[in-house]
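The values are calculated or read from the model by the stated rules, or taken from the named source; none is laboratory data. Values in this document were obtained by computation on a predicted structure and should not be read as measured data. Note: ideal-geometry Cβ built from the backbone for every residue, glycine included; neighbour counts use all protein chains shown. Protein only, heavy atoms only, side chains kept; ligands, DNA and RNA dropped before computing areas. Shrake-Rupley method; radii C 1.70, N 1.55, O 1.52, S 1.80 Å.
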Amino acid sequence: MDDLAGFLRTRRSRVDPGAVGIPTDSRRRVAGLRREEVAHLSGVSVDYYVRLEQGRATQPSEQVLDALAGVLDLDETERGHLYRLARQRRRRTKALVNGVPPAGSRGRVRPEVLRVLDLVADAPALIMDHRLDVLAGNRLAGLLYGRSVPGLNTARHIFLDEAERGLYADWETCTLDVVGHLRLAAGQHPEDPRLASLIGELAMGSERFRRLWARADVRARTHGRKAYRHPLVGLLELHQENFALPGESGMELLVLSAAPGSPAEDGLRLLAGLGADSGAERVSPRPAAAASALSTPSTPSTPPAPSTPPTPAPASTRTAM
């Protein structure tokens, strides 16, 4: 699903040769560093580095990985991804050998976690797994997305559901975040067939996904700004905070909060109110006769007498009683 060779190739293509002391001229046709330049700067042989990029080398040592991470100027997330990719062949847990999915991959959320989710009343909150499947959500999350959120996959929602694209005010940034997260998840869960299937589905259905996936960028979901454009309440500029759930592999509690006194806080309050009104109608619909009876005053009223006697209708137009 993911490989060390491809990651190394894309990372070296980003490095500016001038930044590492390598002179360049107009005849240089390679984007970033050449293989031999990476090898020289990392202190390994050219042959060994070529075999790394071709997927033919044995597991590199910690020293080699540290040297490559430094030369390629990897950030903390990328560095961790590099180490995981280098060790994928060794990572075979007992659960995988026995054909049992790893803990946290079955989509079950503990009741205690669901109770915590329900306590978040003033902000949309979701529980998601590493595949970006929504496993549970509170009431405001459902109102934000305009649907029941359990079962929603946000990667599909962003890339494949064009009718819903307008919900994401920063759609292009969202696509970068999704692809970066899925790249990272692919390195963390290389034996997950459902994740592999999702990535294949997105690649088949979205040209933008294919282009971004080829860049091999990785991003960790932690916190940051998220902007939504809701059809009823308008722009909601929220802050997303992700909380990893202890003992739940890959699951996170995601909370979208609004700054106090901000237009977004007013928007969420309005959204909650609209949802309460529509929810009351759905939960307890009243029959027309009952509604009419409730709207009738309790004191009977006598209709005013006509000022002139009514004129009898012709016999041909009278309705039989």
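Of the residues making up region 45-64, those that are within 16 Å of Arg9 (Cβ to Cβ), among the hydrophobic types (A, V, I, L, M, F, W, C) and either open to solvent by 20 Å² or more (accessible area, probe 1.4 Å) or assigned to a helix (DSSP H, G or I) (or both) are Val46, Val50, Leu52. Gly261 fulfils the conditions (1) at pLDDT 95 or above; (2) in contact with a strand residue (DSSP E or B) (Cβ under 7 Å, 6 or more places away or on another chain); (3) open to solvent by 30 Å² or more (accessible area, probe 1.4 Å) except for a single criterion, (2).
Every residue, every condition in (1) acidic (Asp, Glu); (2) in contact with a Ser or Thr (Cβ under 6 Å, 6 or more places away or on another chain); (3) assigned to a loop (DSSP other than H, G, I, E, B); (4) at pLDDT below 90, yes or no:
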site: Leu74; (1), (2), (3), (4): no, no, yes, no
site: Arg79; (1), (2), (3), (4): no, no, no, no
site: Gln88; (1), (2), (3), (4): no, no, yes, yes
site: Leu96; (1), (2), (3), (4): no, no, no, yes
site: Gly104; (1), (2), (3), (4): no, yes, yes, yes
site: Val113; (1), (2), (3), (4): no, no, no, no
site: Asp118; (1), (2), (3), (4): yes, no, no, no
site: Asp122; (1), (2), (3), (4): yes, no, yes, no
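Condition check for Val15 on (1) surrounded by fewer than 18 Cβ atoms within 10 Å (Cβ to Cβ); (2) not in a helix (DSSP H, G or I); (3) not acidic (Asp, Glu): one failure, at (1).
Within region 157-173, the only residue that satisfies the criterion of being touching a residue at least 40 places away in the same chain (Cβ under 8 Å), in a helix (DSSP H, G or I) and either within 21 Å of His81 (Cβ to Cβ) or in contact with a helix residue (DSSP H, G or I) (Cβ under 7 Å, 6 or more places away or on another chain) (or both) is Phe159. Cβ-Cβ distances below 7 Å connect the following pairs, each with a first residue in region 52-80 that is of a type in the set (Lys, Arg), a second residue that is surrounded by 15 or more Cβ atoms within 10 Å (Cβ to Cβ), and a separation of six or more residues or different chains: Arg79/Ala69.
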